[in-house]
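Below is one structure; the comments refer to it alone.
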Amino acid sequence: MLSFDPDKVSLPVGHYIDGQHIQAQGTAFAVKRPSDGKVFATLYEADAALVDRAVQVAHRRVKESGWASCPPRERGRVLRRWADLIEQDLLLAQLESLGSTRPISDVVQHEIPFTAEAIRFYAECADKYSGDVFPTRDSSLGMLVSEPYGVIAAITPWNFPLSMASWKCGPALAAGNAVVLKPSELTPFSTVRMAELAIQAGLPAGVLNIIQGGGAVTGSSLVKHPLVRKVSFTGSTLTGARIMSDAAQHGMKPVTLELGGKSPQLVFDDAGDLDVLAQRIMRGFTANGGQACVAGTRLIVQQGIAAALTDRLVALCREVQPGVTWHEQSRYAPLIDERQGCKVASVVAAAKAQGAEVLVGGERFGNTDAGWFWQPTLLSHVNSDNPAVQQEIFGPVLTVQTFSEEEEGLALAAHDTYGLCAGVHTLSLPRALRAMRAIEAGTVWINRYGRSGDFIIPTGGFLGSGIGKDLGRQAFQACQRQKSVLIDF
Ligand code: NAD
(Lines give C-alpha, C1' and ligand atoms only; values in the text may rest on other atoms or scores of the structure.)
Protein backbone atom coordinates (compact mmCIF):
# COMPACT_ATOMS: atom_id res chain seq x y z
CA MET A 1 0.00 0.00 0.00
CA LEU A 2 1.68 3.21 -1.14
CA SER A 3 -0.98 5.74 -0.05
CA PHE A 4 0.08 7.81 2.97
CA ASP A 5 -1.17 10.50 5.33
CA PRO A 6 0.40 13.80 4.20
CA ASP A 7 0.22 15.24 7.73
CA LYS A 8 2.30 12.43 9.21
CA VAL A 9 5.46 12.65 7.13
CA SER A 10 8.52 13.74 9.07
CA LEU A 11 10.20 16.67 7.32
CA PRO A 12 13.96 17.28 7.30
CA VAL A 13 13.54 21.02 7.86
CA GLY A 14 16.37 23.47 7.20
CA HIS A 15 19.72 23.47 5.42
CA TYR A 16 22.07 20.51 5.47
CA ILE A 17 25.68 21.58 5.79
CA ASP A 18 28.64 19.45 6.88
CA GLY A 19 26.28 16.58 7.69
CA GLN A 20 24.24 18.76 10.11
CA HIS A 21 20.75 20.21 9.90
CA ILE A 22 20.91 23.96 10.32
CA GLN A 23 17.90 26.15 11.08
CA ALA A 24 19.46 29.56 10.46
CA GLN A 25 17.01 32.46 10.60
CA GLY A 26 17.00 34.42 7.36
CA THR A 27 13.95 35.54 5.43
CA ALA A 28 11.11 33.08 6.03
CA PHE A 29 9.28 31.40 3.18
CA ALA A 30 6.26 29.10 3.25
CA VAL A 31 6.24 25.76 1.46
CA LYS A 32 2.92 24.52 0.06
CA ARG A 33 1.68 21.12 -1.03
CA PRO A 34 0.80 21.26 -4.74
CA SER A 35 -2.07 18.79 -4.36
CA ASP A 36 -4.15 20.96 -2.00
CA GLY A 37 -2.25 24.24 -1.65
CA LYS A 38 -1.83 23.77 2.13
CA VAL A 39 1.22 25.38 3.78
CA PHE A 40 3.07 22.48 5.40
CA ALA A 41 6.36 24.06 6.43
CA THR A 42 8.17 27.35 6.88
CA LEU A 43 11.84 27.55 5.99
CA TYR A 44 14.45 30.30 6.28
CA GLU A 45 16.38 31.34 3.25
CA ALA A 46 20.18 30.98 3.28
CA ASP A 47 21.67 34.47 3.15
CA ALA A 48 25.08 35.29 1.69
CA ALA A 49 26.82 34.43 5.00
CA LEU A 50 25.26 30.98 5.18
CA VAL A 51 26.00 30.33 1.52
CA ASP A 52 29.60 31.28 2.26
CA ARG A 53 29.66 28.82 5.16
CA ALA A 54 28.35 25.98 2.97
CA VAL A 55 30.86 26.68 0.20
CA GLN A 56 33.79 27.02 2.64
CA VAL A 57 32.84 23.70 4.23
CA ALA A 58 32.63 22.00 0.84
CA HIS A 59 35.98 23.48 -0.23
CA ARG A 60 37.69 22.27 2.96
CA ARG A 61 36.06 18.88 3.30
CA VAL A 62 36.60 17.71 -0.26
CA LYS A 63 40.36 18.01 0.37
CA GLU A 64 40.59 16.99 4.05
CA SER A 65 38.38 13.93 3.58
CA GLY A 66 40.39 12.60 0.65
CA TRP A 67 37.28 12.50 -1.56
CA ALA A 68 39.10 14.34 -4.35
CA SER A 69 42.27 12.27 -4.08
CA CYS A 70 41.09 8.75 -3.16
CA PRO A 71 41.19 5.92 -5.71
CA PRO A 72 38.20 6.65 -7.99
CA ARG A 73 36.85 3.12 -7.46
CA GLU A 74 36.34 3.99 -3.79
CA ARG A 75 34.10 6.89 -4.85
CA GLY A 76 32.22 4.46 -7.07
CA ARG A 77 31.61 2.11 -4.11
CA VAL A 78 30.13 4.92 -1.99
CA LEU A 79 27.88 6.07 -4.84
CA ARG A 80 26.59 2.51 -5.40
CA ARG A 81 25.73 2.21 -1.69
CA TRP A 82 23.98 5.58 -1.94
CA ALA A 83 21.89 4.38 -4.88
CA ASP A 84 20.86 1.28 -2.89
CA LEU A 85 19.75 3.40 0.09
CA ILE A 86 17.77 5.71 -2.19
CA GLU A 87 15.86 2.75 -3.58
CA GLN A 88 15.04 1.38 -0.13
CA ASP A 89 13.91 4.61 1.55
CA LEU A 90 10.15 5.02 1.75
CA LEU A 91 10.48 8.41 3.48
CA LEU A 92 12.36 9.74 0.46
CA ALA A 93 9.55 8.64 -1.86
CA GLN A 94 6.93 10.21 0.41
CA LEU A 95 8.79 13.50 0.69
CA GLU A 96 9.07 13.70 -3.08
CA SER A 97 5.42 12.92 -3.60
CA LEU A 98 4.15 15.18 -0.81
CA GLY A 99 6.11 18.27 -1.78
CA SER A 100 6.23 17.96 -5.56
CA THR A 101 3.74 17.26 -8.32
CA ARG A 102 4.57 13.56 -8.62
CA PRO A 103 1.96 10.94 -7.64
CA ILE A 104 3.40 8.41 -5.19
CA SER A 105 3.03 5.43 -7.52
CA ASP A 106 4.93 7.33 -10.20
CA VAL A 107 7.65 8.28 -7.71
CA VAL A 108 8.09 4.69 -6.56
CA GLN A 109 7.94 3.12 -10.01
CA HIS A 110 9.87 5.71 -11.98
CA GLU A 111 11.45 8.62 -10.14
CA ILE A 112 13.24 6.66 -7.43
CA PRO A 113 14.65 3.89 -9.70
CA PHE A 114 15.60 6.53 -12.27
CA THR A 115 17.42 8.57 -9.61
CA ALA A 116 19.26 5.53 -8.23
CA GLU A 117 20.25 4.27 -11.67
CA ALA A 118 21.64 7.65 -12.71
CA ILE A 119 23.88 7.58 -9.64
CA ARG A 120 24.96 4.00 -10.43
CA PHE A 121 25.81 5.05 -13.97
CA TYR A 122 28.21 7.69 -12.61
CA ALA A 123 29.59 5.29 -10.00
CA GLU A 124 30.74 3.23 -12.99
CA CYS A 125 32.23 6.29 -14.70
CA ALA A 126 34.43 7.13 -11.71
CA ASP A 127 37.48 5.13 -12.86
CA LYS A 128 36.72 4.68 -16.57
CA TYR A 129 38.24 7.83 -18.04
CA SER A 130 41.90 8.52 -18.58
CA GLY A 131 43.74 11.56 -19.88
CA ASP A 132 45.92 11.61 -22.97
CA VAL A 133 49.59 11.32 -23.93
CA PHE A 134 50.74 13.41 -26.89
CA PRO A 135 53.29 12.59 -29.60
CA THR A 136 55.94 15.14 -28.60
CA ARG A 137 59.76 15.07 -29.05
CA ASP A 138 61.58 11.98 -27.77
CA SER A 139 63.13 13.97 -24.98
CA SER A 140 59.84 15.17 -23.55
CA LEU A 141 56.46 13.81 -22.53
CA GLY A 142 53.24 15.77 -23.14
CA MET A 143 50.11 14.74 -21.22
CA LEU A 144 46.57 15.84 -20.53
CA VAL A 145 45.58 15.22 -16.92
CA SER A 146 41.96 15.41 -15.72
CA GLU A 147 41.22 16.76 -12.26
CA PRO A 148 38.09 17.73 -10.33
CA TYR A 149 37.10 21.39 -10.21
CA GLY A 150 36.69 21.54 -6.43
CA VAL A 151 33.29 22.97 -5.49
CA ILE A 152 30.48 22.70 -8.03
CA ALA A 153 27.26 24.66 -7.49
CA ALA A 154 24.12 22.78 -8.53
CA ILE A 155 20.80 24.60 -8.89
CA THR A 156 17.67 22.62 -9.70
CA PRO A 157 14.02 23.29 -10.59
CA TRP A 158 10.86 21.97 -8.94
CA ASN A 159 9.53 19.62 -11.59
CA PHE A 160 11.71 16.54 -10.96
CA PRO A 161 13.56 17.33 -7.71
CA LEU A 162 15.20 13.93 -7.14
CA SER A 163 16.25 12.95 -10.63
CA MET A 164 17.52 16.47 -11.37
CA ALA A 165 19.62 16.29 -8.20
CA SER A 166 21.02 12.90 -9.27
CA TRP A 167 21.96 14.22 -12.71
CA LYS A 168 23.94 17.01 -11.04
CA CYS A 169 25.41 15.22 -8.02
CA GLY A 170 26.15 11.86 -9.68
CA PRO A 171 28.77 13.07 -12.17
CA ALA A 172 30.14 15.84 -9.94
CA LEU A 173 30.77 13.53 -6.97
CA ALA A 174 32.03 10.63 -9.09
CA ALA A 175 34.60 12.98 -10.60
CA GLY A 176 35.87 13.93 -7.12
CA ASN A 177 34.18 17.29 -6.57
CA ALA A 178 32.17 18.64 -3.66
CA VAL A 179 28.66 19.92 -4.36
CA VAL A 180 26.58 22.70 -2.85
CA LEU A 181 23.08 22.14 -4.14
CA LYS A 182 20.21 24.59 -4.00
CA PRO A 183 16.90 22.87 -4.78
CA SER A 184 13.91 24.93 -5.83
CA GLU A 185 12.35 26.83 -2.93
CA LEU A 186 9.07 25.17 -3.96
CA THR A 187 10.37 21.60 -3.41
CA PRO A 188 13.06 21.76 -0.72
CA PHE A 189 12.72 18.51 1.24
CA SER A 190 13.49 15.39 -0.76
CA THR A 191 17.00 16.53 -1.68
CA VAL A 192 17.88 16.98 2.01
CA ARG A 193 16.82 13.39 2.67
CA MET A 194 18.85 12.34 -0.36
CA ALA A 195 21.92 14.06 1.12
CA GLU A 196 21.37 12.39 4.52
CA LEU A 197 21.39 9.03 2.73
CA ALA A 198 24.63 9.96 0.97
CA ILE A 199 26.34 10.45 4.32
CA GLN A 200 24.91 7.13 5.54
CA ALA A 201 26.39 5.53 2.44
CA GLY A 202 29.86 6.77 3.37
CA LEU A 203 30.16 10.12 1.60
CA PRO A 204 32.29 12.31 3.88
CA ALA A 205 30.25 15.00 5.66
CA GLY A 206 30.50 18.37 3.93
CA VAL A 207 31.10 16.96 0.45
CA LEU A 208 27.40 17.31 -0.41
CA ASN A 209 25.56 20.25 1.17
CA ILE A 210 22.02 21.50 0.61
CA ILE A 211 21.06 25.13 1.04
CA GLN A 212 17.50 26.39 0.94
CA GLY A 213 16.15 29.59 -0.51
CA GLY A 214 15.09 31.43 -3.63
CA GLY A 215 17.15 32.58 -6.56
CA ALA A 216 17.64 36.28 -5.85
CA VAL A 217 19.66 35.86 -2.64
CA THR A 218 20.61 32.21 -2.10
CA GLY A 219 21.00 31.11 -5.73
CA SER A 220 22.79 34.22 -6.87
CA SER A 221 25.18 34.28 -3.85
CA LEU A 222 26.06 30.68 -4.64
CA VAL A 223 26.78 31.34 -8.30
CA LYS A 224 28.93 34.38 -7.44
CA HIS A 225 30.90 32.75 -4.62
CA PRO A 226 34.63 32.94 -5.39
CA LEU A 227 35.28 29.31 -4.35
CA VAL A 228 32.60 27.91 -6.67
CA ARG A 229 34.48 26.73 -9.75
CA LYS A 230 31.61 25.56 -11.96
CA VAL A 231 27.83 25.98 -12.07
CA SER A 232 25.42 23.30 -13.21
CA PHE A 233 21.90 24.66 -13.58
CA THR A 234 18.53 23.35 -14.71
CA GLY A 235 15.63 25.75 -14.95
CA SER A 236 14.13 28.42 -17.14
CA THR A 237 15.89 30.15 -20.01
CA LEU A 238 15.54 33.55 -18.33
CA THR A 239 17.25 32.38 -15.15
CA GLY A 240 19.87 30.51 -17.19
CA ALA A 241 20.84 33.74 -18.94
CA ARG A 242 21.18 35.53 -15.60
CA ILE A 243 23.33 32.74 -14.18
CA MET A 244 25.55 32.71 -17.24
CA SER A 245 26.09 36.44 -16.88
CA ASP A 246 26.80 36.18 -13.12
CA ALA A 247 29.18 33.27 -13.68
CA ALA A 248 31.02 35.23 -16.36
CA GLN A 249 31.38 38.31 -14.18
CA HIS A 250 32.35 36.44 -11.02
CA GLY A 251 35.28 34.28 -12.00
CA MET A 252 34.50 33.29 -15.61
CA LYS A 253 33.12 29.96 -14.38
CA PRO A 254 32.02 27.31 -16.83
CA VAL A 255 28.27 26.68 -16.84
CA THR A 256 26.07 23.78 -17.84
CA LEU A 257 22.59 25.09 -18.57
CA GLU A 258 19.60 22.81 -19.09
CA LEU A 259 16.78 25.20 -19.95
CA GLY A 260 13.27 25.45 -21.31
CA GLY A 261 11.66 23.92 -24.37
CA LYS A 262 8.71 24.08 -26.75
CA SER A 263 9.19 20.80 -28.52
CA PRO A 264 7.40 19.75 -31.72
CA GLN A 265 5.74 16.39 -32.36
CA LEU A 266 6.00 16.10 -36.15
CA VAL A 267 3.58 13.43 -37.34
CA PHE A 268 3.41 12.23 -40.95
CA ASP A 269 0.51 10.40 -42.59
CA ASP A 270 2.49 7.16 -42.57
CA ALA A 271 3.18 7.14 -38.82
CA GLY A 272 1.42 3.83 -38.21
CA ASP A 273 -1.24 2.81 -35.70
CA LEU A 274 -3.20 5.92 -34.70
CA ASP A 275 -4.17 4.58 -31.28
CA VAL A 276 -0.55 3.92 -30.38
CA LEU A 277 0.39 7.31 -31.73
CA ALA A 278 -2.33 9.10 -29.75
CA GLN A 279 -1.15 7.47 -26.51
CA ARG A 280 2.42 8.52 -27.27
CA ILE A 281 1.50 12.15 -28.03
CA MET A 282 -0.75 12.23 -24.97
CA ARG A 283 2.03 11.07 -22.62
CA GLY A 284 4.40 13.52 -24.29
CA PHE A 285 2.41 16.58 -23.30
CA THR A 286 0.63 15.49 -20.10
CA ALA A 287 3.38 13.66 -18.17
CA ASN A 288 3.90 15.48 -14.86
CA GLY A 289 0.98 17.76 -15.78
CA GLY A 290 2.99 19.07 -18.73
CA GLN A 291 5.66 20.36 -16.33
CA ALA A 292 8.57 18.78 -18.15
CA CYS A 293 11.20 20.66 -20.09
CA VAL A 294 10.98 17.99 -22.79
CA ALA A 295 7.17 18.09 -23.05
CA GLY A 296 6.07 17.68 -26.67
CA THR A 297 3.59 20.56 -26.74
CA ARG A 298 3.34 21.40 -30.45
CA LEU A 299 1.56 18.77 -32.53
CA ILE A 300 2.34 19.30 -36.21
CA VAL A 301 0.35 16.71 -38.09
CA GLN A 302 -0.05 15.93 -41.79
CA GLN A 303 -3.54 16.68 -43.09
CA GLY A 304 -4.49 13.10 -44.06
CA ILE A 305 -4.60 11.89 -40.42
CA ALA A 306 -5.09 15.19 -38.55
CA ALA A 307 -8.81 14.76 -37.79
CA ALA A 308 -8.54 11.08 -36.81
CA LEU A 309 -5.57 11.73 -34.52
CA THR A 310 -7.06 14.78 -32.80
CA ASP A 311 -10.36 12.89 -32.23
CA ARG A 312 -8.42 10.19 -30.42
CA LEU A 313 -6.49 12.74 -28.38
CA VAL A 314 -9.69 14.53 -27.36
CA ALA A 315 -11.10 11.20 -26.15
CA LEU A 316 -7.97 10.43 -24.13
CA CYS A 317 -8.00 13.92 -22.57
CA ARG A 318 -11.61 13.39 -21.42
CA GLU A 319 -10.59 10.23 -19.50
CA VAL A 320 -8.09 12.04 -17.25
CA GLN A 321 -8.99 12.30 -13.56
CA PRO A 322 -7.15 14.44 -11.00
CA GLY A 323 -6.14 13.06 -7.60
CA VAL A 324 -3.86 14.09 -4.73
CA THR A 325 -0.29 12.86 -5.06
CA TRP A 326 -0.37 10.83 -1.83
CA HIS A 327 -3.04 8.42 -3.06
CA GLU A 328 -1.74 5.28 -4.71
CA GLN A 329 -4.40 5.43 -7.46
CA SER A 330 -3.60 9.00 -8.53
CA ARG A 331 -1.91 9.29 -11.92
CA TYR A 332 -2.35 12.89 -13.02
CA ALA A 333 -0.09 15.60 -11.60
CA PRO A 334 -1.27 18.96 -10.24
CA LEU A 335 0.44 22.17 -11.31
CA ILE A 336 3.05 23.16 -8.77
CA ASP A 337 1.20 26.18 -7.39
CA GLU A 338 -1.30 28.94 -8.00
CA ARG A 339 1.26 31.13 -9.75
CA GLN A 340 1.91 28.41 -12.31
CA GLY A 341 -1.85 27.84 -12.61
CA CYS A 342 -2.40 31.52 -13.37
CA LYS A 343 0.38 31.44 -15.93
CA VAL A 344 -1.21 28.51 -17.77
CA ALA A 345 -4.61 30.22 -17.62
CA SER A 346 -3.23 33.50 -18.96
CA VAL A 347 -1.44 31.91 -21.94
CA VAL A 348 -4.57 29.89 -22.83
CA ALA A 349 -6.65 33.10 -22.63
CA ALA A 350 -4.14 34.99 -24.80
CA ALA A 351 -4.11 32.10 -27.30
CA LYS A 352 -7.92 32.21 -27.52
CA ALA A 353 -7.85 35.98 -27.96
CA GLN A 354 -5.64 35.44 -31.00
CA GLY A 355 -8.01 32.96 -32.60
CA ALA A 356 -7.20 29.60 -30.98
CA GLU A 357 -10.10 27.16 -30.70
CA VAL A 358 -10.32 24.93 -27.62
CA LEU A 359 -10.95 21.32 -28.75
CA VAL A 360 -10.95 19.99 -25.19
CA GLY A 361 -10.02 21.26 -21.70
CA GLY A 362 -9.00 24.89 -21.46
CA GLU A 363 -9.61 25.27 -17.75
CA ARG A 364 -8.84 24.06 -14.26
CA PHE A 365 -10.55 20.95 -12.91
CA GLY A 366 -13.33 22.19 -10.67
CA ASN A 367 -13.55 19.49 -8.00
CA THR A 368 -10.12 19.49 -6.43
CA ASP A 369 -9.98 21.50 -3.17
CA ALA A 370 -7.30 24.09 -3.53
CA GLY A 371 -4.99 22.10 -5.83
CA TRP A 372 -4.35 23.45 -9.31
CA PHE A 373 -5.12 20.53 -11.61
CA TRP A 374 -5.37 21.75 -15.18
CA GLN A 375 -7.46 19.85 -17.72
CA PRO A 376 -5.47 18.41 -20.64
CA THR A 377 -6.03 21.01 -23.33
CA LEU A 378 -5.91 20.94 -27.13
CA LEU A 379 -5.81 24.22 -29.05
CA SER A 380 -6.37 24.30 -32.80
CA HIS A 381 -6.46 27.20 -35.28
CA VAL A 382 -3.14 28.55 -34.06
CA ASN A 383 -0.54 30.13 -36.29
CA SER A 384 3.16 30.28 -35.45
CA ASP A 385 2.75 33.72 -33.80
CA ASN A 386 0.16 32.49 -31.34
CA PRO A 387 1.37 32.82 -27.70
CA ALA A 388 0.57 29.14 -27.07
CA VAL A 389 3.00 28.21 -29.86
CA GLN A 390 5.63 30.75 -28.95
CA GLN A 391 5.82 30.40 -25.16
CA GLU A 392 6.80 27.54 -22.90
CA ILE A 393 3.56 27.11 -20.93
CA PHE A 394 4.73 24.37 -18.56
CA GLY A 395 1.26 22.91 -18.32
CA PRO A 396 -0.72 20.21 -20.19
CA VAL A 397 -1.52 22.28 -23.27
CA LEU A 398 -0.99 20.99 -26.81
CA THR A 399 -1.29 23.19 -29.89
CA VAL A 400 -2.36 21.53 -33.14
CA GLN A 401 -1.09 22.69 -36.54
CA THR A 402 -1.48 20.86 -39.83
CA PHE A 403 0.59 20.66 -43.01
CA SER A 404 0.46 19.02 -46.40
CA GLU A 405 4.07 18.77 -47.67
CA GLU A 406 7.17 17.63 -45.77
CA GLU A 407 8.92 20.99 -46.20
CA GLU A 408 5.96 22.78 -44.67
CA GLY A 409 5.95 20.42 -41.68
CA LEU A 410 9.66 20.95 -41.11
CA ALA A 411 9.24 24.72 -41.30
CA LEU A 412 6.48 24.58 -38.66
CA ALA A 413 8.64 22.36 -36.41
CA ALA A 414 11.37 25.03 -36.22
CA HIS A 415 11.15 27.40 -33.24
CA ASP A 416 12.71 30.85 -32.85
CA THR A 417 13.61 30.48 -29.18
CA TYR A 418 13.91 26.84 -28.16
CA GLY A 419 15.70 23.73 -29.45
CA LEU A 420 15.47 21.13 -26.70
CA CYS A 421 13.78 18.05 -28.23
CA ALA A 422 11.60 16.92 -31.10
CA GLY A 423 9.50 13.86 -31.91
CA VAL A 424 9.32 12.62 -35.50
CA HIS A 425 6.71 9.99 -36.27
CA THR A 426 6.87 8.20 -39.64
CA LEU A 427 7.52 4.68 -40.85
CA SER A 428 9.61 6.01 -43.75
CA LEU A 429 13.26 5.82 -42.75
CA PRO A 430 14.52 8.36 -45.33
CA ARG A 431 11.87 10.85 -44.24
CA ALA A 432 12.69 10.30 -40.55
CA LEU A 433 16.39 10.85 -41.21
CA ARG A 434 15.76 13.96 -43.33
CA ALA A 435 13.69 15.39 -40.49
CA MET A 436 16.34 14.43 -37.90
CA ARG A 437 18.96 16.35 -39.92
CA ALA A 438 16.73 19.37 -40.49
CA ILE A 439 15.42 19.93 -36.96
CA GLU A 440 17.53 22.19 -34.76
CA ALA A 441 17.19 20.44 -31.39
CA GLY A 442 19.54 18.74 -28.94
CA THR A 443 17.49 15.51 -28.99
CA VAL A 444 15.36 13.97 -31.73
CA TRP A 445 13.18 10.99 -30.89
CA ILE A 446 11.96 8.95 -33.84
CA ASN A 447 8.80 6.87 -33.36
CA ARG A 448 8.94 7.36 -29.61
CA TYR A 449 8.71 10.32 -27.27
CA GLY A 450 10.68 10.66 -24.06
CA ARG A 451 13.90 9.46 -22.53
CA SER A 452 14.71 5.82 -22.02
CA GLY A 453 16.57 4.48 -18.99
CA ASP A 454 19.78 4.62 -21.03
CA PHE A 455 21.84 7.06 -19.03
CA ILE A 456 24.58 6.79 -21.63
CA ILE A 457 22.57 9.10 -23.92
CA PRO A 458 23.30 12.72 -23.02
CA THR A 459 20.62 15.38 -22.96
CA GLY A 460 20.89 19.10 -23.59
CA GLY A 461 19.43 21.85 -25.69
CA PHE A 462 20.31 24.02 -28.65
CA LEU A 463 19.46 27.73 -28.93
CA GLY A 464 17.67 29.09 -25.82
CA SER A 465 17.31 25.55 -24.45
CA GLY A 466 20.81 25.51 -23.07
CA ILE A 467 24.50 24.83 -23.19
CA GLY A 468 26.28 21.56 -22.44
CA LYS A 469 24.88 18.16 -21.55
CA ASP A 470 23.46 16.36 -18.56
CA LEU A 471 23.66 12.55 -18.46
CA GLY A 472 26.00 10.43 -20.53
CA ARG A 473 29.78 10.34 -20.32
CA GLN A 474 29.71 14.00 -21.38
CA ALA A 475 28.27 15.12 -18.03
CA PHE A 476 31.00 13.25 -16.14
CA GLN A 477 33.75 14.73 -18.29
CA ALA A 478 32.27 18.19 -17.87
CA CYS A 479 32.81 17.85 -14.11
CA GLN A 480 36.57 17.62 -14.61
CA ARG A 481 39.00 20.16 -16.01
CA GLN A 482 41.96 19.23 -18.17
CA LYS A 483 45.50 20.26 -17.36
CA SER A 484 48.20 20.11 -20.06
CA VAL A 485 51.58 18.90 -18.79
CA LEU A 486 54.92 18.92 -20.61
CA ILE A 487 57.91 17.17 -19.03
CA ASP A 488 61.47 17.49 -20.30
CA PHE A 489 63.52 14.39 -19.51
P1 NAD B 1 13.48 28.78 -12.53
O2 NAD B 1 14.47 29.21 -13.55
O3 NAD B 1 12.50 29.76 -12.05
O4 NAD B 1 14.24 28.25 -11.22
C5 NAD B 1 15.15 27.19 -11.28
C6 NAD B 1 16.08 27.30 -10.09
O7 NAD B 1 16.88 28.46 -10.22
C8 NAD B 1 15.37 27.42 -8.75
O9 NAD B 1 16.08 26.66 -7.80
C10 NAD B 1 15.47 28.91 -8.45
O11 NAD B 1 15.42 29.23 -7.09
C12 NAD B 1 16.84 29.21 -9.03
N13 NAD B 1 17.09 30.62 -9.37
C14 NAD B 1 16.19 31.55 -9.77
N15 NAD B 1 16.84 32.71 -10.00
C16 NAD B 1 18.16 32.51 -9.77
C17 NAD B 1 19.33 33.32 -9.84
N18 NAD B 1 19.28 34.61 -10.23
N19 NAD B 1 20.52 32.78 -9.52
C20 NAD B 1 20.60 31.49 -9.16
N21 NAD B 1 19.54 30.67 -9.05
C22 NAD B 1 18.33 31.17 -9.36
O23 NAD B 1 12.79 27.47 -13.12
P24 NAD B 1 11.61 26.62 -12.48
O25 NAD B 1 10.36 27.39 -12.63
O26 NAD B 1 12.01 26.14 -11.12
O27 NAD B 1 11.59 25.33 -13.44
C28 NAD B 1 10.92 25.30 -14.65
C29 NAD B 1 11.89 25.56 -15.78
O30 NAD B 1 12.93 24.60 -15.75
C31 NAD B 1 11.22 25.39 -17.13
O32 NAD B 1 11.62 26.43 -17.99
C33 NAD B 1 11.75 24.05 -17.62
O34 NAD B 1 11.75 23.90 -18.99
C35 NAD B 1 13.13 24.06 -17.04
N36 NAD B 1 13.68 22.68 -16.98
C37 NAD B 1 14.63 22.30 -17.88
C38 NAD B 1 15.12 20.99 -17.88
C39 NAD B 1 16.16 20.52 -18.89
O40 NAD B 1 16.74 19.46 -18.69
N41 NAD B 1 16.39 21.26 -19.95
C42 NAD B 1 14.65 20.09 -16.93
C43 NAD B 1 13.69 20.51 -16.01
C44 NAD B 1 13.21 21.82 -16.05
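Please return the longest stretch of the chain lacking exposed loop sites, where GluC sites (Glu not before Pro) count only if DSSP places them in a loop and at most 16 other Cβ atoms lie within 10 Å. Walk me through the intermediate numbers first.
Details: sites that count: E328, E363, E405, E440.
Longest site-free region, per DSSP loop and neighbour criteria: 1-327.
Rounded, prolate or oblate: which fits the range 376-468 when a ≥ b ≥ c are the square roots of the eigenvalues of the alpha-carbon gyration tensor, with rounded for a/c under 1.5 and prolate only if a/b beats b/c? In terms of gyration-tensor shape, oblate. For each pair in K38/K343; K224/K262; K182/K253; K168/K483; K352/K469; K128/K469, compute the distance between the two Cα atoms and list the pairs where it is over 28 Å. Distance filter (> 28 Å) returns K224/K262; K352/K469.
Compute the Cα gyration tensor for the range 51-206, then decide on rounded, prolate or oblate, letting a ≥ b ≥ c be the square roots of its eigenvalues: rounded whenever a/c is under 1.5, prolate when a/b is larger than b/c in the other cases, and oblate in all that remain. Prolate, because a/c is 1.5 or more and a/b exceeds b/c. Helix 303-319 and the longest principal axis of the Cα set of the chain meet at an angle near 70°. Backbone geometry of the range 402-410 corresponds, through the Karplus equation with coefficients 6.51, -1.76 and 1.60 at θ = phi - 60°, to 3J(HN,Hα) couplings of 10, 8, 10, 9, 3, 4, 5, x, 5 Hz, x marking Gly and Pro.
Once C-alpha pairs closer than 8 Å and six or more residues apart are averaged by separation and normalised to the residue number of the chain, the relative contact order reads 19 percent.
Between the DSSP loop rule and a limit of at most 15 other Cβ atoms within 10 Å, which trypsin sites (Lys or Arg not before Pro) in the range 82-175 are left? Here the trypsin sites (Lys or Arg not before Pro) that fit, given the DSSP loop and packing criteria, are K128, R137. A simple count of charges around L186, restricted to other residues whose Cβ falls under 10 Å of its Cβ and scoring Lys, Arg +1 and Asp, Glu -1, yields 0.
For a protection proxy built on the mean count of beta-carbon atoms within 10 angstrom, sort 462-468, 230-236 highest first, please. Spell out each step's value before the answer.
Values: 462-468: 21.0, 230-236: 24.1.
Descending mean neighbour count gives 230-236, 462-468.
Residues K224, K352 ordered from highest to lowest accessible area at a 1.4 Å probe: K352, K224. Put simply, when 286-299, 416-429 are sorted by average Cβ atoms within 10 angstrom per residue, most first, you get 286-299, 416-429.
The listed peptides 272-283, 46-57, ordered by packing as a protection proxy, come out as 46-57, 272-283 (highest mean of other Cβ atoms within 10 Å first). Just to confirm the number: angle between the C-alpha axis of helix 237-249 and the first principal axis of the chain, 0 to 90 degrees, nearest 10? Taking the Cα atoms of the chain, the angle to 237-249 is about 20 degrees.
Over all directions, the average projected area of the alpha-carbon convex hull for the range 264-453 comes to how many nm²?
Values: hull surface 42.4 nm².
Quarter of the Cα hull surface area: 10.6 nm².
Based on alpha-carbon positions alone, could you give the equivalent ellipsoid semi-axes of the chain from the gyration tensor, as √(5λ), descending, whole Å?
Details: eigenvalues 291, 164, 76 Å².
Calculated on Cα positions only, the semi-axes equal 38, 29, 20 Å.
The values are calculated or read from the model by the stated rules, or taken from the named source; none is laboratory data. Please read all numbers here as calculations on a predicted model, not as lab measurements. Methodologically, a virtual Cβ is constructed for each residue, glycine included, from the backbone with ideal geometry; neighbour enumeration extends over all protein chains shown. Note: accessible area is taken over every heavy atom of the protein model, side chains too, but ligands, DNA and RNA are not part of it. Shrake-Rupley method; radii C 1.70, N 1.55, O 1.52, S 1.80 Å.
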